[in-house]
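Worksheet: the structure to be examined is printed underneath.
The values are calculated or read from the model by the stated rules, or taken from the named source; none is laboratory data. Remember, it's a predicted structure, so these values are computed and weren't measured experimentally. Don't worry about glycine lacking a Cβ; one is built from the backbone with ideal geometry, like all the others, and counts go over all protein chains shown.
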Amino acid sequence: MIIRESRNGFKLCKKNKELFQIYREDLNIYEGIKENIIWTKKIKDAIAENRIVPFFQPIVNNSLKTIEKCEALIRMIDENGKVISPYFFLDIAKKAGLYKELTIIMLEKTFEVLNKTNYEISINLLLQDIMNSEIRALIIKKLKKVRNPEKIVFEIVESEGIENFNEVTEFIKEVKKYGSKIAIDDFGTGYSNFNYLMKLNVDYIKIDGSIIKNVHKDKSAEIVTKTIVLFAKELGIETIAEFVSEEEIYNKIKDLNVDYSQGYYFSEPKENIG
């Protein structure tokens with residue numbers, strides 16, 4: 001029996017939460033390395049050739065049944081014009097140190113669109129974006145120049161937990177000076193914390209899709225959704241249901257008084273708004 005030590009083997013141990021990993025041919029370590037190299041090159045080429053773009057998914061007002069908002073979602077266009085989901089490249093971009101470049105591109109292009117539409121547009125920010133001084137400076141620069149800064153919503157991804165609470169609250173105060181809004185994304189799973197939510201001065205709670213997709217058939221999901229909605233309404237926060245994929249789910253969340261809906265029941269993300 002041979003135990004081989006390598007950086008990739010160590011990573012695999014960490015991934016599997018083991019102290020050591022016995023080398024086996026079927027671990028496919030080298031296939032994983034090869035795949036990462038291929039995708040890293042694809043990402044670099046897409047950045048260089050301006051093939052990183054925002055797609056937009058509408059958000060529907062449940063009372064009026066009209067589209068009032070949309071979310072900007074990152075996509076890569078490959079050499080043949082195929083649209084690539086971030087599922088295939090975002091994690092690799094983070095590992096390859098390319099994530100910041102993708103965030104800058106998304107901010108630049110989303111703010112360009114903001115000047116051409118009356119829709120409110122939301123864009124995702126990770127905590128590492130908020131903590132990055134270059135990203136924060138770019139956001140403030142854009143807010144100062146854009147015609148309607150009140151139409152931008154920054155979605156903070158809640159599932160990571162908000163450890164750097166003071167920095168996040170300062171960021172929120174800063175962007176709200178321009179009339180911009182804040183949403184907490186993926187709420188209801190992971191590190192959900194009603195206590196910090198009361199202190200963050202947010203405008204929207206986006207109820208996580210893992211809850212919404214079962215809300216019409218799972219009593220626990222219904223109770224969690226109802227609790228979030230009641231809590232939000234007490235604080236004057238509006239709610240948005242993610243992953244609304246069928247009419248039965250849509251009817252259920254309307255019954256639960258969720259304010260807005262987003263999902264494939266209305267539209268997949270598209271290159272153009274409207």
Which listed residue, of 199, 213, 144, is at pLDDT 95 or above, assigned by TED's automatic domain parsing to the domain that holds residue 119, charged (D, E, K, R) and farther than 23 Å from residue 120 by Cβ: 213
Which one of these is surrounded by fewer than 19 Cβ atoms within 10 Å (Cβ to Cβ) and either without any contact (Cβ under 8 Å) to a residue 24 or more places away in the chain or aromatic (Phe, Trp, Tyr) (or both): 109, 95, 116? 116
Consider only pairs whose beta carbons are under 8 Å apart and that are at least six residues apart or on different chains; among these, list those whose first residue lies in the range 38-60 and is more than 28 Å from residue 152 (Cα to Cα) and whose second residue is in a strand (DSSP E or B) and at pLDDT 95 or above. 42/76
(1) modelled with pLDDT under 95; (2) assigned to a helix (DSSP H, G or I) all hold for residue 45 apart from (1)
Checking the structure you have, find out if any residue of the range 78-85 is within 18 Å of residue 155 (Cβ to Cβ) and of a type in the set (Asp, Glu). no
